[in-house]
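Participant: Okay, handing you the structure first.
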Amino acid sequence: MKLRALITACVVAAIVPVAALADPATPGDHANGARACQTLRDTLPGTQFKDTYGTNADKSNAFGVCVSRWARTEHQNRTAAGTACAGEQADSTFAASHGGKTFAQFYGAGPRGAAAMQRCIKSKRAAASTADLHATENAAKKCAAERALNPAAFKALHGTNANKSNAFGKCVAKLATA
């Protein structure tokens, strides 16, 4: 009986770290990524969305690739927000720079400041995600204008694969993160 428990514990100890490294994004990150992709698909004119994210010949995989990339971005935004909020919570001068309110009073709900950390993380993550979304939209517009001026030069400058068909996506990625 003890041997079986020991073997089970060893198997679990071996699997859990591997599973944790496999996909750091949570279901919420995927849902937020899907919402961002839906917004981009609705706001980017013409084929800009498919040109930005599609990787196969007919660019039919654009939405899935978009969600995958945005889920990683959402995970990074959530992690950064958690770090920032933990820093704010530990800051002894927080009240001085926030109208005399404590961290719990500033971010929390109700008289006891319930869920202050979660509300802080949510607000900071949402702000970062909105900024990332606007940066991507603006980058797509700039790349479309550049491509319209000289399509051949645009492909030569930004394309990295054999037929340079990924030029638009590479341009957007470069400008959105700059």
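Participant: Does Ala84 meet the test of being over 13 Å from Val172 (Cβ atoms) and surrounded by fewer than 20 Cβ atoms within 10 Å (Cβ to Cβ)?
Facilitator: Numbers: over 13 Å from Val172 (Cβ atoms): yes; surrounded by fewer than 20 Cβ atoms within 10 Å (Cβ to Cβ): yes.
Yes: the conditions hold for Ala84.
Participant: Would you confirm, using the coordinates I've provided, whether Ala62 is at pLDDT 95 or above and either touching a helix residue (DSSP H, G or I) at 6+ places or on another chain (Cβ under 8 Å) or closer than 30 Å to Gly46 by Cβ (or both)?
Facilitator: no
Participant: Scan the range 47-56 for residues that are surrounded by fewer than 16 Cβ atoms within 10 Å (Cβ to Cβ) and in contact (Cβ under 8 Å) with a residue 24 or more places away in the chain and jot them down. Steps first, answer last, please.
Facilitator: Initial filter on the range 47-56 (surrounded by fewer than 16 Cβ atoms within 10 Å (Cβ to Cβ)): 47, 55-56.
Within the range 47-56, just Thr55 meets the criteria.
Participant: On the given criteria, is Arg4 basic (Lys, Arg), modelled with pLDDT under 90 and over 23 Å from Lys142 (Cα atoms)?
Facilitator: Yes, satisfied.
Participant: For the range 28-37, indicate whether the set of residues that are among the small types (Gly, Ala, Ser), more than 20 Å from Glu137 (Cα to Cα) and either modelled with pLDDT of 90 or more or out of contact with any Asp or Glu (no Cβ under 7 Å at 6 or more places or on another chain) (or both) is non-empty.
Facilitator: yes
Participant: In the range 98-105, is there at least one residue being small (Gly, Ala, Ser), closer than 30 Å to Arg35 by Cβ, in contact with a strand residue (DSSP E or B) (Cβ under 9 Å, 6 or more places away or on another chain) and not in a helix (DSSP H, G or I)?
Facilitator: no
Participant: Taking the range 57-68 on its own, how many of its residues are buried (at least 17 other Cβ atoms within 10 Å of the Cβ) and within 14 Å of the chain's Cα centre (by Cα)?
Facilitator: Number satisfying all stated conditions: 3.
Participant: Being touching a residue at least 40 places away in the same chain (Cβ under 8 Å), within 21 Å of Ser60 (Cα to Cα) and assigned to a helix (DSSP H, G or I) narrows it down to one residue among Ala128, Ala135, Ala140; which is it?
Facilitator: Details: Ala128 fails: within 21 Å of Ser60 (Cα to Cα); Ala135 fails: within 21 Å of Ser60 (Cα to Cα).
Selected residue: Ala140, the only one of Ala128, Ala135, Ala140 that is touching a residue at least 40 places away in the same chain (Cβ under 8 Å), within 21 Å of Ser60 (Cα to Cα) and assigned to a helix (DSSP H, G or I).
Participant: Cβ-Cβ below 7 Å, separation at least six or inter-chain, first residue in the range 154-178 and in contact (Cβ under 8 Å) with a residue 60 or more places away in the chain, second small (Gly, Ala, Ser) and assigned to a helix (DSSP H, G or I): which pairs?
Facilitator: So the pair list comes out as Val172/Ala139; Val172/Ala140.
Participant: I would also like to ask the following. Do we find a residue being free of Cβ contacts under 8 Å to residues at least 12 places away in the same chain and on the phi > 0 side of the Ramachandran plot anywhere in the range 113-120?
Facilitator: So in the range 113-120, the residues free of Cβ contacts under 8 Å to residues at least 12 places away in the same chain come out as 113-115, 118.
Then keep just the ones that are on the phi > 0 side of the Ramachandran plot; that gives 113, 115.
Yes.
Participant: Tell me which residues, restricted to the range 42-92, are in a helix (DSSP H, G or I), under 20 Å from Asp132 (Cα atoms) and of a type in the set (A, V, I, L, M).
Facilitator: Of everything in the range 42-92, those that are in a helix (DSSP H, G or I), under 20 Å from Asp132 (Cα atoms) and of a type in the set (A, V, I, L, M) turn out to be Ala62, Val65, Val67, Ala71, Ala80, Ala81, Ala84.
Participant: Determine if the range 99-111 includes at least one residue that is within 30 Å of Thr47 (Cα to Cα) and surrounded by 14 or more Cβ atoms within 10 Å (Cβ to Cβ).
Facilitator: First, pick out the residues of the range 99-111 that are within 30 Å of Thr47 (Cα to Cα): none.
So far as the range 99-111 goes, no, none of its residues is within 30 Å of Thr47 (Cα to Cα) and surrounded by 14 or more Cβ atoms within 10 Å (Cβ to Cβ).
The values are calculated or read from the model by the stated rules, or taken from the named source; none is laboratory data. Keep in mind the model is a prediction, meaning the values are calculated, not measured. Using ideal geometry, Cβ is built from the backbone for each residue, glycine included, and neighbour counts are taken over all protein chains shown.
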